[in-house]
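The values are calculated or read from the model by the stated rules, or taken from the named source; none is laboratory data. Worth saying up front: this structure is predicted, and the values here are computed from it rather than measured. Here the Cβ is made from the backbone with ideal geometry for all residues, glycine too, and neighbour counts use every protein chain on show. Just so you know, the surface numbers come from the protein's heavy atoms only, side chains and all, with ligands and any DNA or RNA stripped out. Shrake-Rupley method; radii C 1.70, N 1.55, O 1.52, S 1.80 Å.
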Amino acid sequence: MVMKKFISNFISSPLEYLFFLYLYIAQFYYSYRYILRVNSTTTSPTYGHTSIVEEVLKYVITAIFFLLFIIIIFISKKYKDRYKKLFSLKAVKIIFYTTILAILYFIVDIVIQHGISFHLIKTSVPYDYMFKFLVFIPVVFVSPVIFMNKGSIKYWMKFLYISMFFQFAYTLVQLGLLITIHRYPALGYPGGSIRFGGGWDDPNGVSLFYLLFLVFLIFEDKLKASYKYIMILITIFLIYLALSFTTLLLVFLFCIFLLFIKKYKQSIFTLASLIGIFLISLIIPNYFKNNFLFKYRSASVHIAEIVKFHHSGSVYFPLVYKIFGGKVAVFMENFYRQLYHNFGIVGFIFLAIPLCYLIYVYFMKIRLQRKADFFSFSAFIFIIVFGIGNLGLPYFEIFPVNVFLWVMCGVLIASLSTS
């Protein structure tokens, strides 16, 4: 009976089922990293390098799912009707068309400057820097028709809860193995800093996912306050263990924003939790010294490299490169500066137009209507936070948190259909 119901639901809404299946695969994809001890040998001293198969497989999986999405949308009248409704809105047309133009520009720019080579996907050229950013953008074309169906909201929230349980359990295993057999995570340095990246084994990426969950958790209004406080505390604890200065700063900014909204007292609890966990860490022998001071030095090095590159790069950077991007590819922690140097002012503008316009039209919608549902408003806040975070880390390129950004953009586009 259960199987019959599942099959009937799957047949009636195949796109929704495939879409959330893809999100779960994205969430669990990096589970192998900690188990097999593979990541990046440049940042993980106790690990081996990720193989080309493990690196490229996520792109192959994404391409297969996108192909299935296109087939289902093409043969389904229901989904075609949803697209017709979306494209009846001028704002949605502008967002979609400018996004397509942006993708085409980045692809053409890469091909003209560096040619086409499968080998370059795995080397330090814009393929490695920007291919991770480009390949997941098409999610924004699928997610709006998913979230036009309000029933998908509960599936998204269920996805967040299951994902956070997975991350928490994985982190506990990492903690336990570190204490018992001294098994270090990817960014764990014997005698130095120890950072926990959960099921992704990536502290920088997973900490922003924790913030995504935190945003939705605080705005969600159907959960009991006691459950919410417990989950907030666990989330802050996980963010703290990831020890990403960028995400910690974003949490503070988010909480400060919430302090101006009287309804959300959870922001005070969130701030208090963050400060409390920090103070507790001071009494743990060497934890503060080995982690925060290590991270402080690491952050100082990153900032110094950015300043150094800015001065040396400005000596010879012809006008044509400023417009279309430099011939020599660069990697920088600040994504926007990296985008500018690799793809020029044009590339920067092409990325900014659809995202900024989407934020603007959604803001005008809630301003005129004087109300916003928790779901789209959470997505709106996360997109802004995500944008700010790229000043410190290239989140646009970090899988799978970049997938969730485009999903959130789709949520805003879907909400415009109710204007």
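Tell me, what is the FRET efficiency for H182 and I35 to the nearest 0.05, using R0 = 22 angstrom and their Cβ-Cβ distance as r?
Working: r = 17 Å, r/R0 = 0.76.
E(calc), rounded to 0.05, equals 0.85.
Taking square-rooted eigenvalues a ≥ b ≥ c of the alpha carbon gyration tensor, is region 324-415 rounded, prolate or oblate, where a/c under 1.5 means rounded and, failing that, a/b exceeding b/c means prolate? It comes out prolate by the Cα gyration axes. Could you work out what % of the accessible surface of region 317-385 is carbon and sulfur, using a 1.4 angstrom probe and leaving DNA, RNA and ligands out of the count? Heavy-atom surface of region 317-385 belonging to carbon and sulfur, 1.4 Å probe: 72 percent.
Pairs exceeding a 26 Å alpha-carbon distance, out of K85/K371; K93/K365; K90/K371; K150/K228; K132/K322: none at all.
Per atom type, region 137-201 shows carbon and sulfur on 75% of its accessible surface, probed at 1.4 Å.
Would region 56-119 count as rounded, prolate or oblate if I go by the C-alpha gyration tensor, calling it rounded below 1.5 in a/c and otherwise prolate when a/b exceeds b/c, oblate otherwise? Walk me through the intermediate numbers first.
Working: a/c = 3.98, a/b = 1.45, b/c = 2.75.
It is oblate, given that a/c is not under 1.5 and a/b is not larger than b/c.
With a Förster radius of 45 Å, plug the Cβ-Cβ distance of Q369 and I107 into 1/(1 + (r/R0)^6) and report the FRET value to the nearest 0.05. The computed FRET efficiency comes out at 0.75.
For trypsin sites (Lys or Arg not before Pro), the sites in region 367-419 that DSSP calls loop and that have at most 12 other Cβ atoms within 10 Å are R370, K371. Taking θ as phi - 60° and the Karplus parameters 6.51, -1.76 and 1.60, the scalar couplings of region 147-162 work out to 8, 5, 8, 4, x, 6, 4, 5, 5, 5, 5, 4, 4, 5, 5, 5 Hz in sequence order, x denoting glycine and proline. Distance between the 7 Å Cα→Cβ label points at K222 and L391: 3.6 nm.
Taking amide H as placed 1.01 Å from N in the peptide plane, V38 has its amide H under 5 Å from the amide H of G48, each at least 5 places away in sequence or on another chain.
Once the piece of chain linking E54 and K158 is laid out straight, how much longer is it, given 0.36 nm per residue of separation minus the C-alpha distance between them?
Values: separation 104, 0.36 × 104 = 37.44 nm, distance 2.77 nm.
Full extension of this stretch gives 34.7 nm more.
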